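Notes to accompany the following structure.
The values are calculated or read from the model by the stated rules, or taken from the named source; none is laboratory data. Note that the structure is a prediction, hence the values are computed from the model and not measured. Glycine also receives a Cβ, built like all others from the backbone with ideal geometry; neighbour counts cover every protein chain displayed. For accessibility, only protein heavy atoms count, side chains too; no ligands or nucleic acids. Shrake-Rupley method; radii C 1.70, N 1.55, O 1.52, S 1.80 Å.
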2 protein chains.
Amino acid sequence: MKLVIVGGVAGGASAAARARRLDEAAEIVILERGPDLSFANCGLPYYLGGEIQQRSKLLVTSLERLKVRYKLDARPHAEVTRIDRDGKRVMVRDRTCGREYSETYDKLILSPGARPRVPDIPGGDLPGVFTLRTLEDTDRIFARLKDVKHAVLMGGGFISLEVAENLAHRGIRVTVVERNHQLLMPFDPEMTTPLVKALRAKGVELILGGKVTSIIPDASGTLRAALADGKALDADLVLAGIGVEPESHLAAEAGLELGVRGAIRVNRHMQTSDPDIYAAGDVVEVSDPISGQNQVVPLGGPANRQGRIAADHIFGRGSTYRGTQGTAILRLFDLTAACTGASEKTLKKAGMGYRAAYLHPNNHAGYFPGAQALCLKVLFDAQDGRVLGAQAVGGDGVDKRIDVLAMAIQGKMTVYDLEEAELCYAPPYGSAKDPVNMAGFVCAGILRGDQPQVTVGELEEQRKGGTIQAVVDVRGADEFARGHLPGAINIPVDELRGRLGDVPPGRIAVNCQVGMRGYLATRILLAAGRDVVNLSGGYLAWELFEGARRTA
Amino acid sequence: MKLVIVGGVAGGASAAARARRLDEAAEIVILERGPDLSFANCGLPYYLGGEIQQRSKLLVTSLERLKVRYKLDARPHAEVTRIDRDGKRVMVRDRTCGREYSETYDKLILSPGARPRVPDIPGGDLPGVFTLRTLEDTDRIFARLKDVKHAVLMGGGFISLEVAENLAHRGIRVTVVERNHQLLMPFDPEMTTPLVKALRAKGVELILGGKVTSIIPDASGTLRAALADGKALDADLVLAGIGVEPESHLAAEAGLELGVRGAIRVNRHMQTSDPDIYAAGDVVEVSDPISGQNQVVPLGGPANRQGRIAADHIFGRGSTYRGTQGTAILRLFDLTAACTGASEKTLKKAGMGYRAAYLHPNNHAGYFPGAQALCLKVLFDAQDGRVLGAQAVGGDGVDKRIDVLAMAIQGKMTVYDLEEAELCYAPPYGSAKDPVNMAGFVCAGILRGDQPQVTVGELEEQRKGGTIQAVVDVRGADEFARGHLPGAINIPVDELRGRLGDVPPGRIAVNCQVGMRGYLATRILLAAGRDVVNLSGGYLAWELFEGARRTA
């Protein structure tokens, strides 16, 4: 068996190591266009910021080790220029000397990754305009950093925000320009409000709904980024973090079937339309296990597993890829934002029947020092309660809850299962009722009809439509005075039983700070025969939406 | 509906709050023997240590709030002395004045908790010998602490170790005496080795297999704890953390059916043998969802959920309790130890067919600062690969992985599911191949036959029995020189292919540091036609067992 792998980073390196473990005798050739195989792509922003201090740390597995330990014929600077499917060979150009040669294969794995989008605007290809994908990119940016006082980052996605944080750590003034009206598109807009606040609190300038239309250098080397609204930003460095495109031209030229956004279409064994050719990583189309729709999701974890599965199938194993549910996480200064499964946007687009709930539980026992509220949104099937998606923003413990909910999604578990989840509890780590349990209680309560709720969006629609006639804020008078929903009246929950006559007539909504007192108030009013719903996530959820509205 | 609840802490308080939410009109009476309802039982050790500074923080919900917000007839100092099932009433003694009265019920929930065992030895009931269960206990110990230079803690369970840490934080010299030869009985012994090391490194004296036979005060108030081996410890305070017994005497006297260890037997709705009486919390018998056996597991999370389920069923909901899988966690200085599901001991006792695997993956990307290896043991069904249990010890990220595995157990997921788990990955939080994925790879590899492995125990048996003839350590010469298995020979993995002739004949085991290089070596040797197994968890696992052996 001669296996040739195109691309030597996440998917390719995983495929190669797995192939060697499955077959000691196989001839395994890795052809990597760049100088580095198996480098830590996800670590690059942290090297720019100085948190990872040694460049050598970014080389996860040395070329020497790939050759000796895994007995791989690993070739950097080897660019595959064409796939000859009939001849079962690839044409290769050695980028160090320009020599062209061909390499035959029994099986071929394509893992060339994705290409960062270069801004398609005048000046988008200037020397001071960078993208960040490879170690070479990183070296180029790093070499320039000492002279950078102001950086403009185009795009508000994961990589751009990681770079923003890291450049800010270095004392560089940073401006992020995102064309959409929200950061981090995999999240629902309201869940990004805390990130907007955090960026601004840390002195990062953020322009949402902004569009860089041209980049023009002046004589001193400063780059002037002109915005569509007529403003301009003078920067010493521009980084374009505006997404990536599957590097599928080889596959396309070879006539392999492509899918959405030109990504290579594969079956569940990562096999392309040519049974001798597999593909893995950021170049492939994957299915969304929630909606069943095809998508492209460039993430390191999936890339590694896909490479492994491709190798498995080539060496006779039946492993299958289950699709990419889109679990992702970002550290942004003191905040963590993470998501898994479907967003509300996705569910709406797919026309799925879902419900949403918002919570703000503490990350661990409130009586233990350092407790911090995290903001959690859970999406679940309106009929059977299956968990469909979750998003969380906060401090410690966000990653844990999203990982737990990611398992729930993978295991096709329901919100009723979340109620009964038995998770670690000691005061430094959680609560007797963990945020995941609380999410279960709230979501299951909605489905059982015990907790009639509306989201902020539903509340506003129903107020406009006249189906909700009033909002009663059941927090204390002091909390109410610090801010409340427009037109809300204040009846603290502890007074509610004695003041039922003060509650306005008709269908009403109640709100508190996070949804807990509102829940009790809803129960009291239901028992009094009132038509009432609770605002999911309370005033804090309303503030999330307000934040998103201000940026929209 | 008149609901009477005996006991106002975890299970009782949860039942009461849930009952109120389900029925605004119900009369709900909580009878709590002690002065405090709804206090933070699990926070008591941290108040002793000063990490929780305000005593008021331990009162989770004030009596006033229970009365006003939840409209509960909450009575502290109200001791129930008898249940009259025929008359559907309980006899109550007001401990503030001695007045006796009766209270009728439609439904009764028993949540009296568990009673700490008092050492059944001479002096076990001296004033300086404490147990820690209530706020009153805490106040008594706290009042004494300023004069305590040396404390003897009897028992090496969760509470005792939490107190050990906290007293050490206060600068008190601490000696822990545990009669078993291991700490934390829910764990397998080898997994407690890092805890033993941590205690000793922090200056806590630890006597395993030690037995206090009597406690004798001297004139100055010092307590002399005599040990079975003739030694004695002079202490200013003795704390007995030697377990708890279900407080089931009321139930027993009323003729309710009891289960193991005298705990109250309940059905899945938390209903006792009397359909009008429910029970919840540390007083009940629960089933182990893995082995199906009945057990008593005093934990805060389960108590809260049980109280909720009892209230649900009383008010017409069909909620069921799924059993207690025993998820538990301990912070011990810089370490975290957590477990979920069955231990190997339990599986052996239950006669279940299982396999075990050990891993030492990093908590997050190794190239990112602060990466720490965690020690993970996973137990899984030898046939279908279902996850049966997990234990982990390490720093940050231990709680997350055990929570994820707890969900896998609850969802009846398999090690094949762990391979495909899609968890949060960015360098500060995890790895492209998360420890949970790595666990899946190793365990599934064992079941598929790709990774023939032995545990340390199996290796030693097979070496004794002669079925394993030699051990080849495939680490580098420097690592080998720092310590290795007795009789092992050293052939570094990178030299193995060229030195196949140096490998001893017959069936052999290989080991490396954590199991990864050993895996590759196993594959190389299998391809060479050799009969070979890899030592699960490598030299580090061997050290865990060595540590456990030294204390046995």
Among what's in the range B:412-431 and is facing another protein chain (nearest Cβ under 7 Å) and open to solvent by 20 Å² or more (accessible area, probe 1.4 Å), pick the residue that is farthest from A:Tyr321 (Cα to Cα).
B:Pro428
List pairs: first residue in the range B:398-411 and more than 7 Å from chain A (Cβ to nearest Cβ), second residue in a helix (DSSP H, G or I) and open to solvent by less than 10 Å² (accessible area, probe 1.4 Å) anywhere in the structure, Cβ distance under 7 angstrom, at least six positions apart or on different chains.
B:Arg401/B:Pro435; B:Arg401/B:Val436; B:Leu405/B:Val436
Those residues of the range A:340-392 which are part of a strand (DSSP E or B) and among the hydroxyl-bearing types (Ser, Thr, Tyr), in sequence order
A:Thr340, A:Tyr354, A:Tyr358
Working only within the range A:215-256, note down all residues that are open to solvent by 30 Å² or more (accessible area, probe 1.4 Å) and under 30 Å from A:Arg89 (Cβ atoms).
A:Glu245, A:His249, A:Ala252, A:Glu253, A:Gly255
Failed criterion for B:Ser14 (all others in (1) away from every other protein chain (no Cβ under 13 Å); (2) of a type in the set (S, T, N, Q); (3) within 23 Å of B:Gly300 (Cβ to Cβ) hold):
(1)
Among (1) more than 14 Å from chain A (Cβ to nearest Cβ); (2) hydroxyl-bearing (Ser, Thr, Tyr); (3) open to solvent by less than 10 Å² (accessible area, probe 1.4 Å), the one test that B:Ser291 misses:
(3)
Please enumerate the residues belonging to the range B:478-512 that are open to solvent by 50 Å² or more (accessible area, probe 1.4 Å), within 23 Å of B:Asn362 (Cα to Cα) and more than 13 Å from every other protein chain (Cβ to nearest Cβ).
B:Asp478, B:Arg482, B:His484
Quick check on my filter: what residues within the range B:379-396 are surrounded by fewer than 24 Cβ atoms within 10 Å (Cβ to Cβ), within 13 Å of chain A (Cβ to nearest Cβ) and of a type in the set (Gly, Ala, Ser)?
B:Gly395
Within the set of pairs 6 or more residues apart or between chains, which connect a residue that is among the β-branched types (Val, Ile, Thr) inside the range B:86-102 to a residue that is part of a loop (DSSP other than H, G, I, E, B) with Cβ atoms less than 8 Å apart?
B:Val90/B:Tyr105; B:Thr96/B:His77
I'd like to verify a number: residues in the range B:124-156 that are among the acidic types (Asp, Glu) and assigned to a helix (DSSP H, G or I), how many?
3
Going residue by residue through the range A:393-404, is there one that turns out to be touching a strand residue (DSSP E or B) at 6+ places or on another chain (Cβ under 9 Å), closer than 14 Å to A:Pro435 by Cβ and part of a strand (DSSP E or B)?
yes
Given (1) buried (at least 17 other Cβ atoms within 10 Å of the Cβ); (2) closer than 19 Å to A:Gly445 by Cα, number of the condition A:Gly529 does not satisfy:
(1)
Of all residues in the range A:27-46, count the ones that are touching a strand residue (DSSP E or B) at 6+ places or on another chain (Cβ under 7 Å), open to solvent by less than 10 Å² (accessible area, probe 1.4 Å) and touching a residue at least 60 places away in the same chain (Cβ under 8 Å).
2
For the range B:176-209, name all the residues that are closer than 18 Å to B:Ile242 by Cβ and open to solvent by 10 Å² or more (accessible area, probe 1.4 Å).
B:Glu178, B:Arg179, B:Asn180, B:His181, B:Gln182, B:Met185, B:Pro186, B:Glu205, B:Leu206, B:Ile207, B:Leu208, B:Gly209
Within the range A:340-372, can you find the residues that are farther than 19 Å from A:Tyr429 by Cβ, more than 9 Å from chain B (Cβ to nearest Cβ) and of a type outside the set (A, V, I, L, M)?
A:Gly341, A:Ser343, A:Glu344, A:Lys345, A:Thr346, A:Lys348, A:Lys349, A:Gly351, A:Gly353, A:Tyr354, A:Arg355, A:Tyr358
Could you go through the range A:302-311 and let me know if any residue there is assigned to a loop (DSSP other than H, G, I, E, B), touching a Lys or Arg at 6+ places or on another chain (Cβ under 9 Å) and either within 12 Å of chain B (Cβ to nearest Cβ) or at pLDDT 95 or above (or both).
no
Filter the range B:47-59 down to residues that are within 11 Å of chain A (Cβ to nearest Cβ), open to solvent by less than 50 Å² (accessible area, probe 1.4 Å) and within 29 Å of B:Ser248 (Cβ to Cβ), then give me how many there are.
2
Give the number of residues within the range A:151-167 that are open to solvent by 10 Å² or more (accessible area, probe 1.4 Å) and either within 14 Å of chain B (Cβ to nearest Cβ) or among the basic types (Lys, Arg) (or both).
4
Would you confirm whether or not the range A:60-74 contains a residue that is open to solvent by 10 Å² or more (accessible area, probe 1.4 Å), under 24 Å from the mean Cα position of the chain (by Cα) and within 12 Å of chain B (Cβ to nearest Cβ)?
yes
Looking at this structure, is B:Asp531 closer than 25 Å to A:Glu64 by Cβ and of a type in the set (Asp, Glu)?
no
Looking at (1) open to solvent by 30 Å² or more (accessible area, probe 1.4 Å); (2) within 12 Å of chain A (Cβ to nearest Cβ); (3) modelled with pLDDT of 95 or more, can you tell me which one B:Gly326 breaks?
(1)
Per the list (1) more than 14 Å from every other protein chain (Cβ to nearest Cβ); (2) free of Cβ contacts under 8 Å to residues at least 60 places away in the same chain, residue check on A:Val286 breaks on (1)
Tell me which residues, restricted to the range A:356-395, are under 17 Å from the mean Cα position of the chain (by Cα) and closer than 21 Å to A:Met413 by Cα.
A:Leu376, A:Lys377, A:Val378, A:Leu379, A:Leu388, A:Gly389, A:Ala390, A:Gln391, A:Ala392
Within the range A:407-420, can one find any residue that is touching a strand residue (DSSP E or B) at 6+ places or on another chain (Cβ under 9 Å), part of a loop (DSSP other than H, G, I, E, B) and of a type in the set (Asp, Glu)?
no
Residue ID - least open to solvent (accessible area, probe 1.4 Å), chosen from residues in the range A:75-106 that are within 30 Å of A:Gly301 (Cβ to Cβ) and in contact with a Pro (Cβ under 9 Å, 6 or more places away or on another chain)
A:Val80
Conditions first: (1) within 25 Å of A:Gln383 (Cα to Cα); (2) touching a Gly at 6+ places or on another chain (Cβ under 8 Å). A:Asp450 passes all but one, so which condition is the exception?
(2)
With respect to B:Arg475, is the statement that it is on the phi < 0 side of the Ramachandran plot and exposed (fewer than 14 other Cβ atoms within 10 Å of the Cβ) true?
no
